[in-house]
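Novice: I am attaching a structure below and will ask some questions about it afterwards.
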Amino acid sequence: MIGVFDSGLGGISVWQALYDALPHESLMYLGDGARCPYGSRSREEVLQFTCEAVERLLSEGCKMIVVACNTATAVAIKYLREKYPNVPFVGLEPAVKPAALTTKSGVIGVLATERSLRGDHFLRAEEKYGAEVKILKGVGEGFVEAVEHNEEHTPETAELVRKAVAPLVAEGADKIVLGCTHYPFLRDVIAKVAGEGVEIIDSSEAVARRVATLLDENNLRANEDATAEYRFLTFADKAYAEKLREKAFHNR
Ligand code: DGL
């Protein structure tokens, strides 16, 4: 069983990439739900909640943990790797590198939560690529809430997306990095505002490839004849767990 964790529904975008790429692997998804969003919370809170979630997943016997949340990764991944040296962890970080290496306009936009943009991973990437490429930052205000409430396609959400994305395009960005796992659920809306010449970059498939590599390196791959099981846990209520399942299997 691979444990997949997020503050809420966002990590389902990563879950879907794992489901597609690794059909024999059982997945246990934990979406906090009770304390989402994490993006504007303190480091201490995000660290504490992430540790609680990881302990829960490990107590259920997970062999690997995917922290399918950029915010939790930024705050906790180093700590988790030190605390559990025998557990393979995969984290999420904004895909600045592929965007910076392929931009033609020399301008990229990164959309993420406030906490992720202040985290070491992003700051290091900014330092590394910021000299060559102009890196514009934007917080997707209200994006997480829109996804949590299944309101991706309302006029209000379209307006929130326009506010965050239009300035990036106006300044010349030809790549927009989705640095929060909730944002891929808004991909169509973001693409509509961004227009045709702009590529939207989401890390989920790259993360699934990384998970596959780590499974092989650690001899942890499920057998080819294994039938995968899918479980959904939450710190919220039963209805929320059902919501996670529905989101996961939507269009699958
Ligand atoms: N999905 C999360 C991320 O990737 C966190 C969103 C939030 O809880 O603010 O950053």
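Novice: For the pair Glu205 and Leu220, how long in nm is the line joining their label points, each one 7 Å along Cα→Cβ?
Specialist: Each label point lies 7 Å from its Cα, and together they span 2.4 nm.
Novice: Given Cα pairs under 8 Å that are at least 6 residues apart, what percent is the relative contact order of region 106-252?
Specialist: Working: 149 pairs, mean separation 33.6, N = 147.
Over region 106-252, the number comes to 23 percent.
Novice: Another one. Would you mind working out the magnitude of the charge dipole of region 54-205 relative to its Cα centre, with +1 at each Lys and Arg C-beta and -1 at each Asp and Glu C-beta, to the nearest 20 Debye?
Specialist: 580 debye
Novice: What nm distance separates the two modelled labels at Leu101 and Arg35, each placed 7 Å from Cα along Cα→Cβ?
Specialist: 3.6 nm
Novice: Is region 1-67 rounded, prolate or oblate when judged by the Cα gyration tensor, a ≥ b ≥ c being the square roots of its eigenvalues, rounded requiring a/c under 1.5 and prolate requiring a/b larger than b/c? Write down the numbers at each step before the final one.
Specialist: Numbers: a/c = 2.82, a/b = 1.57, b/c = 1.80.
In terms of gyration-tensor shape, oblate.
Novice: Taking the chain as a Gaussian network, Cα atoms linked when under 10 Å apart, which of Thr50, Thr71, Thr103 shows the biggest mean-square fluctuation?
Specialist: Its mean-square fluctuation being the largest, the pick is Thr103.
Novice: Can you give me the angle between helix 120-129 and the longest principal axis of the chain, using Cα atoms only, in degrees from 0 to 90, rounded to the nearest 10?
Specialist: Around 40 degrees separate the two axes.
Novice: Give me the angle, in degrees from 0 to 90, between the Cα long axis of helix 43-59 and the longest principal axis of the Cα atoms of the chain, rounded to the nearest 10.
Specialist: It works out to around 30 degrees.
Novice: Would region 111-252 count as rounded, prolate or oblate if I go by the C-alpha gyration tensor, calling it rounded below 1.5 in a/c and otherwise prolate when a/b exceeds b/c, oblate otherwise?
Specialist: Since a/c reaches 1.5 but b/c is at least a/b, the shape of region 111-252 is classed as oblate.
Novice: How large is ³J(HN,Hα) for each residue in region 137-152, as worked out from phi by the Karplus curve 6.51 cos²θ - 1.76 cosθ + 1.60 (θ = phi - 60°), to whole Hz, x for Gly and Pro?
Specialist: So the Karplus estimates, Gly and Pro as x, are 10, x, 8, x, 4, x, 5, 4, 4, 4, 5, 4, 9, 6, 10, 5 Hz.
Novice: How would region 48-165 be classified by its alpha-carbon gyration tensor: rounded, prolate or oblate, with rounded meaning a/c under 1.5 and the a/b versus b/c comparison settling the rest?
Specialist: Details: a/c = 2.67, a/b = 1.32, b/c = 2.02.
In terms of gyration-tensor shape, oblate.
Novice: Still on this structure: Could you tell me the ratio Rg/Rh of region 55-100? Both radii from Cα atoms, Rh via Kirkwood.
Specialist: 1.04
Novice: Calculate how steeply helix 204-217 sits against the longest principal axis of the alpha-carbon atoms of the chain, using the helix alpha-carbon long axis, and give the answer as 0 to 90 degrees to the nearest 10.
Specialist: 40 degrees
Novice: Let me ask something else about it. Which of Phe5, Thr154, Val46 sits closest to the plus end of the dipole of the chain, meaning its Cα is farthest towards the positive end, when Lys and Arg get +1 and Asp and Glu get -1 on the C-beta?
Specialist: It is Val46.
Novice: Just the number, please: Stokes-Einstein D of the chain in µm²/s, Kirkwood Rh from C-alpha pairs, 10 °C, 1.306 mPa s.
Specialist: 87 µm²/s
Novice: Moving on. Using a basic spin-label model with each label point 7 Å from the Cα along Cα→Cβ, how many nm lie between Glu229 and Arg81?
Specialist: 3.1 nm
Novice: Report, in deg cm²/dmol and to the nearest 500, the calculated mean residue ellipticity at 222 nm for the chain, where each DSSP H run with n ≥ 4 adds -39500 (n - 2.57) and the sum is divided by the residue count.
Specialist: Helices in the chain give a 222 nm mean residue ellipticity of -14000 deg cm²/dmol.
Bear in mind that the values in this text are calculations on the coordinates, not laboratory data. Quick caveat: nothing in here was measured; it's all calculated off a predicted structure. Don't worry about glycine lacking a Cβ; one is built from the backbone with ideal geometry, like all the others, and counts go over all protein chains shown.
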